[in-house]
1. Does Thr111 meet the test of being touching a residue at least 24 places away in the same chain (Cβ under 8 Å), of a type outside the set (Lys, Arg) and not in a strand (DSSP E or B)?
2. Quick one: Arg165 ticks every box in (1) free of Cβ contacts under 8 Å to residues at least 60 places away in the same chain; (2) in contact with a helix residue (DSSP H, G or I) (Cβ under 6 Å, 6 or more places away or on another chain); (3) farther than 24 Å from Leu36 by Cβ; (4) not in a loop (DSSP other than H, G, I, E, B) bar one, so which box is it?
3. Go through the stretch 157-171 and give me each residue that's aliphatic (A, V, I, L, M) and surrounded by fewer than 16 Cβ atoms within 10 Å (Cβ to Cβ).
4. Hey, could you check the stretch 59-92 for residues that are polar (S, T, N, Q) and assigned to a helix (DSSP H, G or I) and say which is modelled with the highest pLDDT?
5. One residue is enough: does the stretch 194-201 have a residue meeting the conditions exposed (fewer than 14 other Cβ atoms within 10 Å of the Cβ), in contact (Cβ under 8 Å) with a residue 60 or more places away in the chain, more than 19 Å from the chain's Cα centre (by Cα) and over 16 Å from Thr68 (Cβ atoms)?
6. Determine whether the stretch 146-159 contains at least one residue that is among the polar types (S, T, N, Q) and in contact with a Cys (Cβ under 9 Å, 6 or more places away or on another chain).
7. Determine which member of the set Tyr149, Tyr121 is more than 27 Å from Lys76 (Cα to Cα), open to solvent by less than 50 Å² (accessible area, probe 1.4 Å) and either of a type in the set (Ser, Thr, Tyr) or within 16 Å of the chain's Cα centre (by Cα) (or both).
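The values are calculated or read from the model by the stated rules, or taken from the named source; none is laboratory data. Since the model is a prediction, treat every value here as computed from it, not as a measurement. Quick reminder, even Gly has a Cβ in these numbers, built from the backbone with ideal geometry, and neighbours come from all protein chains shown. Ligands, DNA and RNA are stripped out before the accessible areas are found, and what is left, the full protein with its side chains, is counted by its heavy atoms. Shrake-Rupley method; radii C 1.70, N 1.55, O 1.52, S 1.80 Å.
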Amino acid sequence: MLGVTPWSCPEDFWSSPQRDHCVPKKTEFLSYQEPLGICLTTASLLGTFICAFGISFVLCVSCILVKTMVVLAVFKASQPGGGASLKWFGAVQQRGTVLVLTSIQATICTTWLVSFSPVPYKNTQYYNDKIVYECVVGSTIGFAVLLGYISLLAILSFLLAFLARNLPDNFNEAKLITFSMLIFCAVWVAFVPAYVNSPGKYADAVEVFAILASSFGLLVALFGPKCYIILLRPERNTKKAIMGRGTTKS
């Protein structure tokens, strides 16, 4: 009709098929009651007890980094004139290094959360008939620094372990660390484009999957071979067997 002013529905509503009234949009979010949410929550609780993932990852990667440096120092100390390197990698120095590296990440997380903490956000652009609740990181720079620091430690651990990959079998920790760091880096490199291109609740699912995959990848790569020897090949879990393999390779 002439003289009728056109009007649009509010943000939380959409037009009915007949375009004669507004219909409330459905609300969509990753729920604890749906199968996907139940599976991811259960798997997360198995490996997480207290920490947010930024600090816990740095703690784990810092331990691996220090362990890699110790492996290199021990092997270097076994060579003529290399004993002095061990004085920098005593138990106190190892714990102190892990504490300092983890404290840096804790400072980054605290600054980020105090300044620009993540907040829930109602996204009405993905679907016409749904409202998607998302978590906005607050400060993109803070989130990038958090991930960048984890990546820096992981890459450094990978490079050091890669340099020590050819040590004798009785120093084979470097091979396990190299493989575990390769899995860790591969998961997080694949995470970024998958997270950006995932709509709605699936972005949260991708993030949780990346955390779980990298965490369990570290566990399996580092401790899987040890559990195999302890449980299935106990004859190889002796000092004589270990030193024998090292002598054979040298």
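1. Values: touching a residue at least 24 places away in the same chain (Cβ under 8 Å): yes; of a type outside the set (Lys, Arg): yes; not in a strand (DSSP E or B): yes.
Yes.
2. Result: Arg165 fails condition (4) only.
3. Filtering the stretch 157-171 down to residues aliphatic (A, V, I, L, M) leaves 159-161, 163-164, 167.
Hits for the stretch 157-171 are Leu159, Leu163.
4. Here is the first cut: in the stretch 59-92, the ones polar (S, T, N, Q) are 62, 68, 78-79, 85.
Within this subset, residues satisfying the condition of being assigned to a helix (DSSP H, G or I) are 62, 68, 85.
Numbers: Ser62: 89, Thr68: 81, Ser85: 62.
Checked the stretch 59-92; the qualifying residue modelled with the highest pLDDT is Ser62.
5. Here is the first cut: in the stretch 194-201, the residues exposed (fewer than 14 other Cβ atoms within 10 Å of the Cβ) are 196-197, 199.
Checking which are in contact (Cβ under 8 Å) with a residue 60 or more places away in the chain leaves us with 199.
From what is left, the residues that are more than 19 Å from the chain's Cα centre (by Cα) are 199.
From what is left, the residues that are over 16 Å from Thr68 (Cβ atoms) are 199.
Scanning the stretch 194-201, I find at least one residue that is exposed (fewer than 14 other Cβ atoms within 10 Å of the Cβ), in contact (Cβ under 8 Å) with a residue 60 or more places away in the chain, more than 19 Å from the chain's Cα centre (by Cα) and over 16 Å from Thr68 (Cβ atoms), so the answer is yes.
6. Restricting attention to the stretch 146-159, the residues satisfying the condition of being among the polar types (S, T, N, Q) are 151, 157.
Next cut, in contact with a Cys (Cβ under 9 Å, 6 or more places away or on another chain) only: 151.
Checking the stretch 146-159: at least one residue is among the polar types (S, T, N, Q) and in contact with a Cys (Cβ under 9 Å, 6 or more places away or on another chain).
7. On the way: Tyr121 fails: open to solvent by less than 50 Å² (accessible area, probe 1.4 Å).
Result: Tyr149 is the single residue among Tyr149, Tyr121 that is more than 27 Å from Lys76 (Cα to Cα), open to solvent by less than 50 Å² (accessible area, probe 1.4 Å) and either of a type in the set (Ser, Thr, Tyr) or within 16 Å of the chain's Cα centre (by Cα) (or both).
Conditions (1) aromatic (Phe, Trp, Tyr); (2) more than 30 Å from Thr27 (Cα to Cα); (3) modelled with pLDDT of 85 or more, marked per residue:
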{"site": "Tyr133", "(1), (2), (3)": "yes, no, no"}
{"site": "Tyr149", "(1), (2), (3)": "yes, yes, yes"}
{"site": "Ile155", "(1), (2), (3)": "no, yes, yes"}
{"site": "Glu173", "(1), (2), (3)": "no, yes, no"}
{"site": "Thr178", "(1), (2), (3)": "no, yes, no"}
{"site": "Ala194", "(1), (2), (3)": "no, no, no"}
{"site": "Asn197", "(1), (2), (3)": "no, no, no"}
